[in-house]
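Where a number appears in this text, it was derived from the coordinates with a stated rule and is not lab data. Just so it is clear, the structure is predicted and the values come from calculations on it, not from any experiment. Every residue, glycine as well, gets a Cβ built from its backbone with ideal geometry; the counts of neighbours run over all protein chains shown.
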Amino acid sequence: MARLRLTIAYVGTAYCGWQIQTNAYRRPQPTIQEELERIVEKVLGTQVRVHGSGRTDSGVHAEGQVAHFDVPEDKADMDWQRTFNAMLPDDIAVLDVARAADDFHARISATGKIYTYSLWLSRRYTPPRLFPYVWTTGPLDVAAMDAAATHLLGTHDFASFQNVGTELESTVRTLRRISRTPETDVPATEAPLCLDWQFEADGFLKQMVRNLMGTLVACGLGKLSPDAVPAILEACDRSKAPSTAPAQGLSMTRVLYD
């Protein structure tokens, strides 16, 4: 057997996240994993699990999701990228297919991830082409958001920023970087209309990025003081942090490996 590594991009609007959904009480919702496995099964004639680097939520996008699956050696060198892209819907694309080491695992081998969250800073209008990909917040105090972000950097117990639904041994993570584009210091009244925030960590909890973004926006709107962030972290209580940011502004940008 040979192991193949995929890099995948998708618009998550029409999908119930990455992972296949199993619910006996209603019709299963479409997922990215399901779409990929459907094609692999059609080519190989048998079911094969496609393992992703992480579960993106319903409505969340990806520019660099990574996955792997195993194929018989005689099928390893076929043009899998062309095969996938010929059969996938237009809102999913395989960017790259490569041979991987036998012990490579898309999730376990990852040393970190980068997510990008996009904000639209006008209440007057949102460009229709951007509407599925941004959170329209209105003007924000970006300096207050920067101040709040400094409290989040480093190694912390991020339990206050984890939504329920996943059992984990530890909620401690290292948030290596929070950056924004544009990087210039601009007064809120002159802020650019589109503001992208990047979060890089050794790993993320369930909906952690969306909860971090919700907290930064609360600071930018003047609803929360940046100085309140350390107490929210220390509380390890989800109810102490602001609401979760909408899914459509979030995209998995890159998965990091040694």
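Structure notes:
- At R0 = 35 Å, FRET efficiency that the Cβ-Cβ distance of Leu193 and Arg55 yields, to 0.05: 0.65
- Only lysines eight or more places from Lys206 in sequence, or on another chain, were considered; those with a Cα closer than 30 Å are Lys113, Lys223, Lys240.
- Size of electric dipole in region 25-71: Cβ of Lys, Arg +1 and of Asp, Glu -1, about Cα centre, debye, nearest 20: 220 debye
- Helix-derived mean residue ellipticity, 222 nm - over the chain, DSSP H n ≥ 4, -39500 (n - 2.57), to 500: -6000 deg cm²/dmol
- Ordering Ala76, Val43, Pro30 by Cα displacement along the dipole of region 2-100 toward the positive end leaves Pro30 in first place; charges were set at the Cβ atoms of Lys, Arg (+1) and Asp, Glu (-1).
- Cα centre as origin, Lys/Arg/Asp/Glu Cβ charges: region 103-251 dipole, Debye: 520 debye
- Multiplying the residue separation of Ala2 and Arg38 by 0.36 nm and subtracting their alpha-carbon distance yields 11.1 nm.
- Residue order, fewest to most beta carbons within 10 Å, for Thr171, Thr13: Thr13, Thr171
- With R₀ set to 41 Å, the beta-carbon distance separating Thr83 from Arg124 gives a calculated FRET efficiency near 0.35.
- With a Förster radius of 22 Å applied to the beta-carbon distance between Asp157 and Ser179, the computed FRET efficiency rounds to 0.45.
- Packing-based exposure ordering (other Cβ within 10 Å, fewest first) of Phe199, Phe104: Phe104, Phe199
- For region 191-207, no residue has its backbone nitrogen under 12 Å from a point 7 Å from the Cα of Ile108, taken along Cα to Cβ.
- Listed from fewest to most Cβ neighbours within 10 Å, the set Thr56, Thr244 follows the order Thr244, Thr56.
- About the Cα centre, charge dipole magnitude for the chain (Lys/Arg +1, Asp/Glu -1 at Cβ), debye: 680 debye
- Dimensions of the chain based on its C-alpha atoms, expressed as ranges along the principal axes with the largest first, amount to 59, 42, 41 Å.
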